[in-house]
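Trainee: Right, I'll just put the structure down here and ask away after.
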Amino acid sequence: MTKGVEEFFGVFDSNLKLFEQCLEVSTRLGDETLEIEGGEKDVGRAQRLVEEYVEMVEGGTRLDPAEFRAFLQILCEDRTATLKGLAEAGRPRAFGKKSVAPKSLNQRIYIDAIRRHDMVFGIGPSGTGKTYLAVAMAADALLARAVNRIILARPAVEAGERLGFLPGTLQEKVDPFLRPLYDALYDVLDPDRTEHLIEKGTIEIAPIAFMRGRTLNDAFVILDEAQNTTSEQMKMFLTRLGFNSKAVVTGDITQVDLPEGRRSGLMEAIEIVGRVPGISLVYFNERDVVRHHLVQRIIRAYEEFDQTKAAESQRKNAAGK
């Protein structure tokens, strides 16, 4: 096993260690061989993965260490998955300048859900790829002519700020709230192409209020930061979907910036339409974060803090009765 050995092992053997941990085996490197020890079934699965990897490398497929590690993490969680299947599903799609591949099991489930369903909710912390992957799938659908346009919407709500107090025209006021959507498009496509499609009206980026009264046919519609929609806004958005259209709703229910007393439209929608046939809900967690490794730890720390706080509150309430 000489070709692609650096990618397989990873930096400081990090991929090899993950390989051993996931497949519950131990390894020893010999003269151009990799010896695998463990239970019979575990060794068999590990051997098949190595053979599959070697076959792919010899066939000209190149996986960089980070990509191979992402596939290993999916294989950890999904014992039915194969390396070849993951690589084929996640290879660069014929759009834009970026190679977009799922980097976790939930990202893979999310992409499959968007392919198979007309309405998908992606729920989880920031950095898990909810918006980015939705934008990538929208660009793919547009360039494959499966839809005629992309519509990206966001509620113009941020912590403590009101649009009326911000300087400039209405467009200048809302642009900062929509900037993450522009960033995702610029990364998936190139900025010039994105601006050209926006000028033509093929791509529209607007606050959710601009959706009222419209029926969106032949469109790929994304509602981002949906935790900051009101109940009325969410119902209005969900009922805009027209013929030959897809809708993806993304949000983080732990980051609601609505005024106190206003319930999040996303949280309400999960309860109301979560079991409606044809709608898929995909939940992300800290393991799906594709930013700096510290972000995963920060999210986990906050979750543990919230759980501890909730437990203390329950103990106090029980003691007071």
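The values are calculated or read from the model by the stated rules, or taken from the named source; none is laboratory data. In this text the structure is predicted, and so the values were computed from the model without any measurement. Here Cβ is always computed from backbone atoms with ideal geometry, including for glycine, and neighbour counts include all displayed protein chains. Accessible surface areas use protein heavy atoms only, side chains included; no ligands, DNA or RNA. Shrake-Rupley method; radii C 1.70, N 1.55, O 1.52, S 1.80 Å.
Trainee: Take residue 115 and tell me if it is at pLDDT 70 or above, buried (at least 18 other Cβ atoms within 10 Å of the Cβ) and not in a strand (DSSP E or B). Full working, then the answer.
Mentor: On the way: at pLDDT 70 or above: yes; buried (at least 18 other Cβ atoms within 10 Å of the Cβ): no; not in a strand (DSSP E or B): yes.
No; evaluated as a whole, the condition is false for this residue.
Trainee: Which condition from (1) at positive phi; (2) open to solvent by less than 40 Å² (accessible area, probe 1.4 Å) is the one that residue 202 breaks?
Mentor: All conditions are met except number (1).
Trainee: What is the one condition in (1) at pLDDT 90 or above; (2) loosely packed, with under 12 Cβ neighbours inside 10 Å; (3) not in a loop (DSSP other than H, G, I, E, B) that residue 319 does not satisfy?
Mentor: (1)
Trainee: Quick one: which residue in 25, 43 is touching a strand residue (DSSP E or B) at 6+ places or on another chain (Cβ under 9 Å), surrounded by 13 or more Cβ atoms within 10 Å (Cβ to Cβ), over 25 Å from residue 102 (Cβ atoms) and modelled with pLDDT of 80 or more?
Mentor: Working: 25 fails: over 25 Å from residue 102 (Cβ atoms).
Exactly one of 25, 43 is touching a strand residue (DSSP E or B) at 6+ places or on another chain (Cβ under 9 Å), surrounded by 13 or more Cβ atoms within 10 Å (Cβ to Cβ), over 25 Å from residue 102 (Cβ atoms) and modelled with pLDDT of 80 or more, namely 43.
Trainee: Does the stretch 8-19 hold any residues that are open to solvent by 50 Å² or more (accessible area, probe 1.4 Å) and without any contact (Cβ under 8 Å) to a residue 24 or more places away in the chain, and which are they?
Mentor: Taking the stretch 8-19 and keeping what is open to solvent by 50 Å² or more (accessible area, probe 1.4 Å), we get 11-13, 17.
Hits for the stretch 8-19 are 12, 13, 17.
Conditions (1) hydrophobic (A, V, I, L, M, F, W, C); (2) assigned to a loop (DSSP other than H, G, I, E, B), marked per residue:
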| residue | (1), (2) |
| --- | --- |
| 233 | no, no |
| 249 | yes, no |
| 257 | no, yes |
| 262 | no, yes |
| 266 | yes, no |
| 272 | yes, no |
| 281 | yes, no |
| 287 | no, no |
| 302 | no, no |
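Trainee: Still on this model: For residues in the stretch 122-152 being β-branched (Val, Ile, Thr) and part of a loop (DSSP other than H, G, I, E, B), which is surrounded by the fewest Cβ atoms within 10 Å (Cβ to Cβ)?
Mentor: Start the filter on the stretch 122-152 by keeping residues that are β-branched (Val, Ile, Thr), which leaves 123, 128, 131, 135, 147, 150-151.
Of the ones still in play, those that are also part of a loop (DSSP other than H, G, I, E, B) are 128, 147.
Numbers: 128: 31, 147: 22.
Among those that are β-branched (Val, Ile, Thr) and part of a loop (DSSP other than H, G, I, E, B), it is 147.
Yes/no per residue for (1) open to solvent by 40 Å² or more (accessible area, probe 1.4 Å); (2) more than 17 Å from the chain's Cα centre (by Cα); (3) within 17 Å of residue 124 (Cβ to Cβ):
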residue	(1), (2), (3)
227	no, no, yes
245	no, yes, no
249	no, no, yes
268	yes, yes, no
294	yes, yes, no
305	yes, yes, no
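Trainee: Follow-up question, since we're still on this one. Hey, among the residues in the stretch 46-81 that are free of Cβ contacts under 8 Å to residues at least 40 places away in the same chain and not in a helix (DSSP H, G or I), which one's least open to solvent (accessible area, probe 1.4 Å)?
Mentor: The residue in question is 81.
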